[in-house]
Amino acid sequence: MSLSDSNAPSAASPDLPDRAVDVWNATGTGEVLVLCEHASNHIPARYEGLGLSEEDRISHAAWDPGALAVAKGLSAALDAPLVASCVSRLVYDCNRPPEAPSAMPAKSELIEVPGNRNLDAAARAERVATVYDPFCAAVAKVIADRKAAGRETMLVTIHSFTPVYYGSPRSVEIGILHDDDTRLADAMLDAAPALPHRQVERNAPYGPQDGVTHSLVLHGQDNGLANVMIEIRNDLLRTPEQETTMTEELLCLLRPALATLVTKGAANA
């Protein structure tokens, strides 16, 4: 595990060492902890590219394009710690528990992943120990340090999604996702009229039934933290200018939502 400062290289850089996780602004004093589980398409050399073509290695199947840039922007604007995975989700998806088939998928939408076929228990355990466990440990440490410092914490995890899935276009632009704890999602959706030009939806294009709320439950609900997962359609994140615009738009939802929960004293259950 590597703990890095805000000047660390991008987690999507192809020449990264094989570390599992980066933490930016660990001592930030804002109310938010930002996660980015699919920040990188990096495949450590020991996995021999998982047998993927170069096109597949840079596709959305391998990571969430634009998510890290938005997560960094929110971290800076909110003085929030940011924990980001440095390894492709095709090696291990840090938003899935070890027992889930989708944690190390043999197929992602239409893309076959040869290096994930017929993984034995030892191979799966190695990925859990070297990718998932360090990510979870980094999140747990930030939460524990903030609790020790008496800081209020709300969890925000940032993702992006493809505009076309199995050939079907998706109209939703920003998804506000939650599991059983709806506090932060409700407050953000209440602020959604501030973005009349955006299609903002609850639990879209995915929801709890799709197994995508693992981080919200494990790191948020289980620690009594208000939490939300934000999904952004990735055609809105193709340039640095778009990433900056989306960050600013999300702040129009997040800032009033955070203020509402802090005023109610409802951030931590």
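Okay, here's what the table says:
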{"quantity": "Which listed residue is buried (at least 24 other Cβ atoms within 10 Å of the Cβ), closer than 27 Å to Gly207 by Cα, over 14 Å from the mean Cα position of the chain (by Cα) and touching a residue at least 24 places away in the same chain (Cβ under 8 Å), from Val91, Val87", "calculated": "Val91"}
{"quantity": "Among (1) in contact with a Leu (Cβ under 9 Å, 6 or more places away or on another chain); (2) buried (at least 19 other Cβ atoms within 10 Å of the Cβ) - the single one Gln242 does not satisfy", "calculated": "(2)"}
{"quantity": "Pairs with Cβ under 6 Å, 6+ apart, first in the stretch 140-156 and under 18 Å from Leu261 (Cα atoms) and of a type in the set (A, V, I, L, M), second at pLDDT 95 or above and assigned to a loop (DSSP other than H, G, I, E, B)", "calculated": "Met154/Glu31; Met154/Ala226"}
{"quantity": "Output for the stretch 191-210, where each listed residue is out of contact with any helix residue (DSSP H, G or I) (no Cβ under 7 Å at 6 or more places or on another chain), in a loop (DSSP other than H, G, I, E, B) and surrounded by fewer than 16 Cβ atoms within 10 Å (Cβ to Cβ)", "calculated": "Pro196, His197, Gln199"}
{"quantity": "Count of residues meeting criterion [assigned to a strand (DSSP E or B), over 16 Å from the mean Cα position of the chain (by Cα) and either modelled with pLDDT of 95 or more or closer than 22 Å to Leu68 by Cα (or both)] in the stretch 127-179", "calculated": "2"}
{"quantity": "Scan of the stretch 219-233 for residues that are surrounded by fewer than 20 Cβ atoms within 10 Å (Cβ to Cβ) and either within 17 Å of the chain's Cα centre (by Cα) or on the phi < 0 side of the Ramachandran plot (or both), ordered by number", "calculated": "Gln221, Asp222, Asn223"}
{"quantity": "Which numbered condition Glu109 misses (of (1) of a type outside the set (A, V, I, L, M); (2) out of contact with any helix residue (DSSP H, G or I) (no Cβ under 7 Å at 6 or more places or on another chain); (3) surrounded by 24 or more Cβ atoms within 10 Å (Cβ to Cβ))", "calculated": "(3)"}
{"quantity": "Matching residues, the stretch 248-267, being part of a loop (DSSP other than H, G, I, E, B) and at negative phi", "calculated": "Ala266, Ala267"}
{"quantity": "Selection from the stretch 157-176 of residues that are touching a helix residue (DSSP H, G or I) at 6+ places or on another chain (Cβ under 7 Å) and of a type outside the set (D, E, K, R)", "calculated": "Thr157, Ile158, His159, Ser160, Phe161, Thr162, Pro163, Ile176"}
{"quantity": "Tally of residues being in contact (Cβ under 8 Å) with a residue 24 or more places away in the chain and either more than 26 Å from Ala259 (Cβ to Cβ) or in contact with a Ser or Thr (Cβ under 8 Å, 6 or more places away or on another chain) (or both) across the stretch 161-206", "calculated": "15"}
{"quantity": "Residue within the stretch 226-240 that is at pLDDT 95 or above, farther than 22 Å from Pro163 by Cβ, polar (S, T, N, Q) and not in a helix (DSSP H, G or I) present", "calculated": "yes"}
{"quantity": "Test: residue in the stretch 155-172 that is under 30 Å from Thr27 (Cα atoms), surrounded by 23 or more Cβ atoms within 10 Å (Cβ to Cβ) and among the polar types (S, T, N, Q)", "calculated": "yes"}
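So that you can scan it fast, the table gives a plain yes or no per residue for (1) part of a helix (DSSP H, G or I); (2) among the β-branched types (Val, Ile, Thr); (3) touching a strand residue (DSSP E or B) at 6+ places or on another chain (Cβ under 9 Å); (4) surrounded by fewer than 19 Cβ atoms within 10 Å (Cβ to Cβ):
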{"residue": "Asp181", "(1), (2), (3), (4)": "no, no, yes, no"}
{"residue": "Leu184", "(1), (2), (3), (4)": "yes, no, yes, no"}
{"residue": "Leu189", "(1), (2), (3), (4)": "yes, no, yes, yes"}
{"residue": "Val212", "(1), (2), (3), (4)": "no, yes, yes, no"}
{"residue": "Val217", "(1), (2), (3), (4)": "yes, yes, yes, yes"}
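The values are calculated or read from the model by the stated rules, or taken from the named source; none is laboratory data. Being a predicted model, the structure only gives us computed values, none of them experimental. Don't worry about glycine lacking a Cβ; one is built from the backbone with ideal geometry, like all the others, and counts go over all protein chains shown.
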